[in-house]
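Scroll down for the structure; my scribbles are underneath it.
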Amino acid sequence: MGRLKDAVIEKILLACALISILTMIGIVATLLFETINFFSEVSIASFLFDTKWTPLFKPAHYGILPLINGTLIITIGAAAVALPLGILTAIFLSEYASPKFRQVAKPVLEILAGVPTVVYGYFALTFITPLLRKAYPETNIFNAASASIVVGILILPMVASLSEDAIRAVPRSIREGAYALGATPFEVSTKVAVPAALSGILASFILALSRAIGETMAVTIAAGMMPRLTLNPLEGVQTMTAYIVQVSLGDTPRGTIGYQSIFAVAMVLFIMTLGMNIASQLIRQKYREAYV
Amino acid sequence: MTSIKIKNLNAYYGEKQVLKEINLDIGEKRVTAIIGPSGCGKSTLLRCINRMNDFIDIFRAEGEIDIDDKDIMQMDPVLLRKQVGMVFQKPNPFPKTIFENVAWGPKIHGTKDKSTLNKIVNNSLKQAALWDEVKGRLKDNALGLSGGQQQRLCIARALAVSPEVILLDEPCSALDPVSTAKIEDLIVALKKHYTIVIVTHNMQQAARVSDNTAFLLNGDLIEYSDTDTLFETPKDKRTEDYITGRFG
Amino acid sequence: MDNVTARKRIGKVFWAMCLASTGIALIVLAMLLYDSITDGLPWLDLQFLSSFPSRIPARAGIKSALYGSIWMMAFTALISLPLGIGAALYLEEYEKESLLKRIIETNISNLAGVPSIVYGILGLALFVRTLRLERSILSGALTMTLLILPVIIISSQEAIRAVPKSIREASYALGASKWETTRHHVLTNALPGILTGSILALSRALGEAAPLIMIGALTFIAFTPQTPFDPFTVLPIQIFNWISRPQEEFRFLAAAGIIVLLIFLLSMNAVAIIIRNRYEKYSRW
């Protein structure tokens, strides 16, 4: 009796665990199904190499390059903000800060990480963009620079806290070895602890950048809805995510190519972020082996 | 020249006193062993000599430790540690190449010239009796070496900044007997050039390698004399009990 | 002779750079709060909380979005908690090291990195279209469940792992079955940790707009939901809607909405922190 009950419960719990597998299959199947429909009308070559993206008007062009351009320019900008600040914050928290300071700083970082991305969008539009326009009057109301800065701030806590974990995982004995040779705290942290944690730090960078690539609301609000092939951060751009939002805000009926196009774009987004996540995991696994 | 004079040293972890009125003269170019049961304060005493205890927030020390008649309590710890090298209980090579491990110390202290660095690395590895085993693979990661090799690498790393004193904190406790024998030979060879202080819980080791031995118990220095005297005719009853294995 | 002074100076400069970087996080948070509060506070009153959205800014309010968010949170919690805890129990208590477990765990960490908008697309195709749940609270809650499930599972696993083995052994030694042991000892002891992690995951769902926009929650909603099959809007979507309007007054409404959203969020975090602190105080093994 009890044994039967145990067996049934085990199956129920197994079913819960298998939902994650089904979710992954569901995502891949959904994206694949409509993407295939999309590519029955649009050639892969024009999707990858056409330099215009105008699926919703005539003449329709389906070149994803402007969207990738928009996504990458914001991701690179965000990296320029978040990576240096994040790593320096991580070093400060792991090497210099007193336990008391950490107790205050960590929750602040957690709150920063938990602020909804629409709020970051609002902050970009009403605070950062006006500042940029004061400095560079030619700045567009919707611009990549402002979006980059807020996305950078948004991924900063992730870089800082994951890098801090990696640096703190460097054994105390190795630091002591360096101090015993007459090293200063600066030398111990930058020449021993950080290099030893490098793969963990790298993993955190990749994970944070993949987050930036998938970020949606802040970039939709701050960078605009205009797909452009440009490197000028003061102009508006459209990211892959912002395009998906744009289509779903309108009334694009199922079965049309406009509807299918969001699946194709989402597929590119999914492949990019999944690839980066896997890379980050592999790097982290390698670094765990280093001390065992 | 490099003698160490410890005068009226008291040390505390928070409220707890761990070293009590230690007075100890450590002779130059000799091996001095500090023995005693675990928790007697021998490692704490050793770590006072290069101020590694500074990193422990609740640690406090009073008294004087003179190296070449200069009180190290008043010295810059960075300069002090360049002069006083240390080898730890567990080998702790940096996760870098063998070459980088040895060259790291001289580099931070300002040696940039490549050929000078090469010379320092070669000499240090030879002095640490590791050269023959690693000469073909200086670019390999140091974590790939065996435990005994890693510990000799750590000794080479300490020698590379040309210290005058070397502190060894139970350097063989994590090693097999063959590696231990190699390191003991090395210690005896090194005393020609360096003043060596070794902490060990292994009395045979102290007897084998040291010229002088200090016996510590509960933070008190019970007895200090040349090694033969201490092991053969200890003056204090407690020393005798300890070395004959009646406790600890 | 020695270069110590110069080296220490570099160290000081570097220390200052690290401190400044850490300070930036704090300053940005302060500016962000200041920006929204100064813009929104004058608009935040009882009328704002108790009115439906309107084309006239002075009459517009956040009632439907606030109700929508509460409904959303309740249903997401109701669905995601049992599933997440069940999966975590299976992985920690039932499945020993095996290929299946490795696959599931790798898959969960991959899912945790999938952009939220992709979950929205899945929700649109699966719940709205295929299962014909339409643009309902239920569709939204199911989509949000899939989104936060990886986070709930991972944090629950950590909490379960922290329960010492000796407690399980003590239970088995009394003749308890696997499920009795799991339910009475593992789950009870891990529950505070599980709840802390789950509330934080839910608070992430509270701030998410993108997946719900995908399933079509962005419509003009001037009523509060009565059943889980009703259409809805939520706070972040209402805020996004107001931000997108050109008139300045709507920006202020957005700021007022942000204050409401942040208060909602911070109270959820506060609950999580209270649970965590209690748990740390009373159950140290």
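Before moving on, here are some points about what is shown:
- Normalised by the number of residues in chain B, the mean separation of alpha-carbon contacts (under 8 Å, six or more apart) gives a relative contact order of 28 percent.
- Intensity falloff of the protein assembly as shown expressed as log10 I(q)/I(0), Debye formula with alpha-carbon point scatterers, at q = 0.07, 0.10 Å⁻¹: -0.68, -1.09
- Within the shell defined by Cβ-Cβ distances under 15 Å, the residues around C:Ala173 carry a net charge of +1, with Lys and Arg each +1 and Asp and Glu each -1.
- Test item: A:94-100 mean partner chain Cβ contacts at 10 Å: 2
- Paramagnetic label reach from A:Tyr96 (point 7 Å along Cα→Cβ; backbone nitrogen cut-off under 19 Å): within the range B:51-68, residues B:55.
- Annotation: average projected area of the range A:65-289 is 14.4 square nanometres, based on the convex hull of Cα atoms across all directions.
- Alpha-carbon centroid distance for the pair the range A:11-39 / the range A:194-253, whole angstrom: 24
- GNM flexibility winner over chain B from B:Lys139, B:Lys182, B:Lys237 (Cα, springs under 10 Å): B:Lys237
- Counts of other chain beta carbons within 10 angstrom of each beta carbon in peptide A:84-91 average 5.
- The GluC sites (Glu not before Pro) of the range A:2-106 include none that meets both criteria, a DSSP state outside H, G, I, E and B (loop) and at most 13 other C-beta atoms within 10 angstrom of the site's C-beta.
- Alpha-carbon centroids, the range C:129-161 and the range B:81-147: separation in whole Å: 54
- Overall form of the range A:1-140 per C-alpha gyration tensor (a/c, 1.5; a/b vs b/c): oblate
- Net charge contributed by nearby residues that have their C-beta within less than 12 Å of B:Thr213 (K/R +1, D/E -1): -2
- Only helices enter this figure: runs of n ≥ 4 DSSP H residues, each worth -39500 (n - 2.57), summed and divided by the residues of chain A, yield -23500 deg cm²/dmol at 222 nm to the nearest 500.
- A simple spin-label model places the labels of A:Val104 and A:Arg254 5.5 nm from each other, with each point 7 Å out along Cα-to-Cβ.
- Fully extended contour minus Cα-Cα distance, from B:Asp140 to B:Thr111, at 0.36 nm per residue: 8.2 nm
- Farthest positive-ward along the protein assembly as shown dipole, Cα basis, beta-carbon charges - from C:Phe14, A:Ile213, C:Ile148: A:Ile213
- An ellipsoid equivalent to chain C, defined through the eigenvalues of its Cα gyration tensor, has semi-axes of 37, 32, 18 Å when rounded to whole angstrom and sorted largest first.
- Net charge of Cβ neighbours under 15 Å - reference A:Thr139; Lys, Arg +1; Asp, Glu -1: +1
- Shown is the FRET efficiency for A:Leu48 and A:Ile271, computed with R0 = 22 Å from the Cβ-Cβ distance and rounded to the nearest 0.05: 0.95.
- Violating pairs (Cα-Cα greater than 24 angstrom) within the set C:Lys96/C:Lys165; B:Lys96/C:Lys101; A:Lys106/A:Lys134: B:Lys96/C:Lys101; A:Lys106/A:Lys134
- Here, the range B:1-149 is characterised by an Rg to Rh ratio of 1.02, where Rg is the alpha-carbon radius of gyration and Rh the Kirkwood radius.
- Within 10 Å of the Cβ of each residue in C:3-13, the mean number of Cβ atoms contributed by other protein chains is 4.
- Per the Cα gyration tensor, the range B:72-227 maps to an equivalent ellipsoid with semi-axes of 27, 19, 13 Å, ordered largest to smallest.
- Percentage relative contact order, chain C, counting C-alpha pairs under 8 Å, at least six apart: 27
- Listed values for the range A:211-223 are Karplus-derived 3J(HN,Hα) couplings in whole Hz (6.51 cos²θ - 1.76 cosθ + 1.60, θ = phi - 60°), namely 4, 5, 5, x, 4, 10, 5, 4, 6, 4, 6, 8, 9, and x replaces Gly and Pro.
- Between the range B:195-248 and the range A:74-108, the Cα center-to-center distance that results, in Å: 50
- Restraint check, A:Lys191/B:Lys135; B:Lys90/C:Lys178; B:Lys16/B:Lys107; B:Lys7/B:Lys114; B:Lys82/B:Lys235, Cα-Cα greater than 32 Å: B:Lys90/C:Lys178; B:Lys16/B:Lys107; B:Lys7/B:Lys114; B:Lys82/B:Lys235
None of the figures in this text is laboratory data; all of them are computed from the coordinates on show. Everything quoted here is computed from the prediction, not taken from an experiment. Here Cβ is always computed from backbone atoms with ideal geometry, including for glycine, and neighbour counts include all displayed protein chains.
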